[in-house]
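Just below is one structure, and these are the notes that go with it.
The values are calculated or read from the model by the stated rules, or taken from the named source; none is laboratory data. Given the structure is predicted, the values throughout are model-derived calculations rather than measurements. Note that each Cβ is placed from the backbone with ideal geometry, even for glycine, and that neighbours are counted across all protein chains shown.
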Amino acid sequence: MANGFDPRGTAAPRATTLGRDSVAIDAGLRSYMLSVYNYMASGVLLTGIVSLLFARSSAAEAILFGPGLFKYVIMLSPLAFVMVLSFGINRLSTGMAQLLFWLFAAVMGLSMASIFFVYTGPSIAVTFFATAAAFVSLSLWGYTTKKDLSGFGTFLIMGVVGLIVASLLNLWFQSPAMTLAISAIGVLIFAGLTAYDTQRIKSLYFQVAGSDMIGKTVIMGALSLYLDFVNMFTFLLQFLGNRN
């Protein structure tokens, strides 16, 4: 009879288990997000180092601005890596996905070396730190907000497609006004994508936690945030960059 009133009955262990589960999820989520940010930041660092070293080489200017097909190989190679990772991630091992991410970051550095010939070093540095500050703020908001941002996803992706089309058209028109408009819209779109992708990556953790997909999800999350950062930096450079 007394056992029916025992406070150490079924209710107490149940609450303790839930508490442990909550702590485990919080710790797992923090570790997961930290891995995503570490890969993303390391990728940006690798891109910057490769870009700076290549720009300082004697062959860079001739390759990037001279005749020949090699400059187009450098320009299009990052897109090839993104497509392989995006469409082949389920068939890749985690180790191969990591290798492709590092190769992508390095090749991206080669393709971005041209900015050192177009813009002054101090203005590139100012733009980089401005982008970093904006990225951290937007990503933190995307991580902590209770607002569901999934509805913005389709709109933002359609905006990216529109930017690509407008940029291709502007290769023909060569309009300075259109260039500025594309850059302004680009900054806004990738600012929105930074918050949206952060929330999406956080949500994916609860789907893949404990599975062998979590390592691949970390790489793809880092790739998404890397692209958001680099694109926001590139578009912002149109406004803050001082030309040589």
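Descriptive notes on the structure:
- Hits in the range 207-218 (condition: surrounded by fewer than 22 Cβ atoms within 10 Å (Cβ to Cβ) and either of a type in the set (Val, Ile, Thr) or in a helix (DSSP H, G or I) (or both)): Gln207, Val208, Ile214, Gly215, Lys216
- Of the residues making up the range 45-68, those that are under 20 Å from the mean Cα position of the chain (by Cα) and crowded, with 17+ Cβ neighbours inside 10 Å number 4.
- Every residue from the range 156-177 that is without any contact (Cβ under 8 Å) to a residue 12 or more places away in the chain and more than 25 Å from Ala134 (Cα to Cα): Val165, Leu168, Leu169, Leu171, Trp172, Phe173, Gln174, Ser175, Pro176
- Meets criteria (buried (at least 19 other Cβ atoms within 10 Å of the Cβ) and in a helix (DSSP H, G or I)) for Ala191: yes
- Between Leu180, Leu204, Leu223, the distinction of being part of a helix (DSSP H, G or I), surrounded by fewer than 18 Cβ atoms within 10 Å (Cβ to Cβ), touching a residue at least 12 places away in the same chain (Cβ under 8 Å) and not charged (D, E, K, R) belongs to Leu180 only.
- Residue within the range 143-154 that is touching a residue at least 60 places away in the same chain (Cβ under 8 Å), within 29 Å of Tyr32 (Cβ to Cβ) and not charged (D, E, K, R) present: yes
- In this entry, Gln199 passes the filter for residues that are more than 30 Å from Tyr119 (Cα to Cα) and in contact with a Leu (Cβ under 6 Å, 6 or more places away or on another chain).
- Complete set of residues in the range 120-143 that are surrounded by 14 or more Cβ atoms within 10 Å (Cβ to Cβ) and farther than 22 Å from Leu188 by Cα: none
- Residue list for the range 69-93, restricted to those being under 18 Å from the mean Cα position of the chain (by Cα) and among the polar types (S, T, N, Q): Ser77, Ser86
- Out of Ser58, Ser35, sole residue that is out of contact with any helix residue (DSSP H, G or I) (no Cβ under 8 Å at 6 or more places or on another chain), over 18 Å from Thr234 (Cβ atoms) and either not in a helix (DSSP H, G or I) or not acidic (Asp, Glu) (or both): Ser58
- Pick from the range 69-117, criterion assigned to a loop (DSSP other than H, G, I, E, B) and surrounded by fewer than 13 Cβ atoms within 10 Å (Cβ to Cβ), ranking: modelled with the lowest pLDDT: Leu69
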